[in-house]
Amino acid sequence: MRTTPANNMDVKRLNRSNTLRCLLTCDKISQPELAQKLKLSWPTVLQNVKELTALGLVQEVGAYESTGGRKAKAYAPVRDAKLAVGLDITQNHVGLVLVNLSGEILRYTRKKRVFSLQEDYLMSLENLLTDFLEEGEGEKLLGIGVSLPGILDETGERLLYSHALDIYDVETKQFSQYLPYPCIFMNDANAAGFAELWKNPEAENLIYLSLSNTVGGAIINGGRLYTGNNLRAGEFGHVTLVPNGRKCYCGKVGCLDAYLSAKVLASYADGNLAQFFERLRDQNQQTQGVWTEYLQYLAVAINNLCMSFDCDVIAGGYVGAFLEEFGGPLREMLAERNTFERSGGYLKECSFKLEASAVGAALMQVEGFLQTL
Ligand SMILES: [Zn+2]
């Protein structure tokens, strides 16, 4: 993830932040090794390590065997010194995840809660959080990242609209007033895309296609989320896939969402997506036909994204979670559509499944902490 320093103070802060980021990727490391990795001077690294130790984020864990001179001290990150919660609000469920400074998932749960803006629902969020956190975790909490299926304004203070939740122009304060920690609000697909970026920090450009009950996506450009002029970038669900095609919930026809939402598959299994794949596992013929058609549309969508953005595409969301097991034929379809070479390698499997948006929202809190350290 890229950050550009503006002045000396920022450079100092960036160096310290990078020192911690580097430490977080190691089990233990010596100061000279750290200096080499960061391309910083020994005194700078020593000063950073001292400051990070004072903050309780780094600890000394013995010394390396001497090769002649003085023994080099070994340092390790205190990964659980700070924690963040991700809260994923969907139409029928609430997902909660707890991550540490390395982005490791310490706990995840998903509860059935039918969304409403009524007080009893909002209060149930607070209760879920209280039950979720164990003793002592509250004091370490940086805050909560809240993922919502809708378009938020630039400040995250207003949810401009959410078809999925059927709410329009709502202040996010309505949620945060029940959550006794600092809150950051994010679009669900952007959050999931951010989680995937965290797993692939070297990725400069990446497209995330979220195949859940609605279809959305995120565009990572130059290591950052690209949000567009109106914060609507990556709304792949409403790209036209079939002119004059099926009716979409947005009011238009032929949108990608009408062909690739998880609901399309679930509708063939009493609204239960897991049941659909259970039938596919049992080689039910009708289910196989539906799945093949779905994959053909998905191949068009993924190929279009690859041709537009010239980068890997990660397919995630509820359906994405099943592609590892059932997505075999998709590679061949993608290879056939590839204009430049016969390969479907531009599709990458997702690192996260149902928990993706919750994790990404929590990581936004961690990222905020690392940037302002
Ligand atoms: Zn639409």
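The numbers here are math on the coordinates, done by the rules we state, and not lab data. A quick note: this is a predicted structure, and the numbers were derived from the prediction, not measured. Neighbour counts are summed over all protein chains in view; Cβ atoms, including those assigned to glycine, are modelled from backbone coordinates with ideal geometry.
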- Find how much the distance from N338 to Q36 grows on full extension, using 0.36 nm per residue of separation minus their present alpha carbon separation; answer in nm with one decimal. 104.5 nm
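Taking 0.36 nm per residue of separation and subtracting the Cα-Cα distance, what length does fully extending V114 through E154 add? Please report the intermediate quantities before stating the final value.
Details: separation 40, 0.36 × 40 = 14.40 nm, distance 2.71 nm.
Difference between extended and current length: 11.7 nm.
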- Query: For the chain, what is the calculated [θ] at 222 nm in deg cm²/dmol (nearest 500), taking -39500 (n - 2.57) for each run of four or more DSSP H residues and dividing by its residue count?
  - Reply: -12500 deg cm²/dmol
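Over the chain, calculate the relative contact order: mean separation of alpha carbon pairs under 8 Å at least 6 apart, over the residue count, as a percent.
Numbers: 715 pairs, mean separation 64.2, N = 373.
That works out to 17 percent.
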- Query: How far is helix 188-199 tilted off the main Cα axis of the chain, in degrees rounded to 10, range 0 to 90?
  - Reply: 50
- Item | Point-to-point label distance, K50-D270, nm (Cα→Cβ direction, 7 Å offset) | 6.8
- Query: For the range 202-349, what value does the Rg/Rh ratio take when both radii are computed over Cα atoms and Rh is the Kirkwood radius, given to two decimals?
  - Reply: 0.96
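Share of antiparallel DSSP beta bridges in the chain, in percent to the nearest 5?
Working: 37 of 55 bridges.
Expressed as a percentage, antiparallel bridges in the chain total about 65.
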- Hey, any idea what Rg/Rh is for the range 8-77, computing Rh the Kirkwood way over Cα pairs? 0.96
- Query: At Q286 and N127, where each label point lies 7 Å from the Cα along Cα→Cβ, what is the point-to-point distance in nanometres?
  - Reply: 3.9
- Amide H contacts under 5 Å for G143, restricted to residues at least 5 apart in sequence or on another chain and with H modeled in the peptide plane, are V85
- Query: Tell me, how many Å apart are the Cα centres for the range 333-368 and for the range 247-285?
  - Reply: 20
